[in-house]
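Shown next, in structure tokens, is the structure this report addresses.
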Amino acid sequence: MNNKEFIAELSEKTGYSSQRTAQLVATLVDEVGTQLEEEKTIQLSGFGSFEVKKKLERVVVNPITKQRMLVPPKIVVSFKPNNILKDKINQK
């Protein structure tokens, strides 16, 4: 499902216009991004949580050349679905 299809389906379910629904979705995504930039955890009831995690630097080895390389530290976003969402997915 692409963004246009998602907006159309959500618009139909909520009764809002497609334009208003697109604005609401954009606002939600912007706010989630802002909170993650501030390294805050976001918990959405019935869905799951988004969390910013820091990965430490590490050494990896290229299996072909056996050359060792240093991977710099980085920040990643992780998503953990809650049990309600897991149960919905596993029922199918």
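The values are calculated or read from the model by the stated rules, or taken from the named source; none is laboratory data. The shown structure was predicted, so the numbers you read here are calculated from the model rather than taken from an experiment. Glycine also receives a Cβ, built like all others from the backbone with ideal geometry; neighbour counts cover every protein chain displayed.
Remarks
- Scan of the stretch 42-84 for residues that are touching a strand residue (DSSP E or B) at 6+ places or on another chain (Cβ under 6 Å), over 17 Å from L28 (Cβ atoms), of a type in the set (V, I, T) and free of Cβ contacts under 8 Å to residues at least 12 places away in the same chain, ordered by number: V60, V61
- Within the stretch 60-74, the set of residues being part of a strand (DSSP E or B) and surrounded by fewer than 11 Cβ atoms within 10 Å (Cβ to Cβ) comprises V60, V61, R68, M69, L70, K74.
- Residue in the stretch 32-42 that is assigned to a loop (DSSP other than H, G, I, E, B) and hydroxyl-bearing (S, T, Y) present: yes
- Summed over the stretch 4-37, residues that are among the charged types (D, E, K, R) and over 15 Å from the mean Cα position of the chain (by Cα) total 6.
- Test: residue in the stretch 23-30 that is out of contact with any strand residue (DSSP E or B) (no Cβ under 9 Å at 6 or more places or on another chain) and touching a residue at least 24 places away in the same chain (Cβ under 8 Å): no
- Residue in the stretch 50-59 that is farther than 24 Å from V32 by Cα, loosely packed, with under 10 Cβ neighbours inside 10 Å, among the charged types (D, E, K, R) and touching a Pro at 6+ places or on another chain (Cβ under 7 Å) present: yes
- Any hit, the stretch 78-85, residues being among the small types (G, A, S), out of contact with any Cys (no Cβ under 9 Å at 6 or more places or on another chain) and at pLDDT below 95: no
- L44 being in the same structural domain as K88 (by TED's automatic domain parsing) and exposed (fewer than 10 other Cβ atoms within 10 Å of the Cβ): no
- Some residue of the stretch 44-59 being of a type in the set (A, V, I, L, M, F, W, C) and more than 23 Å from the chain's Cα centre (by Cα): yes
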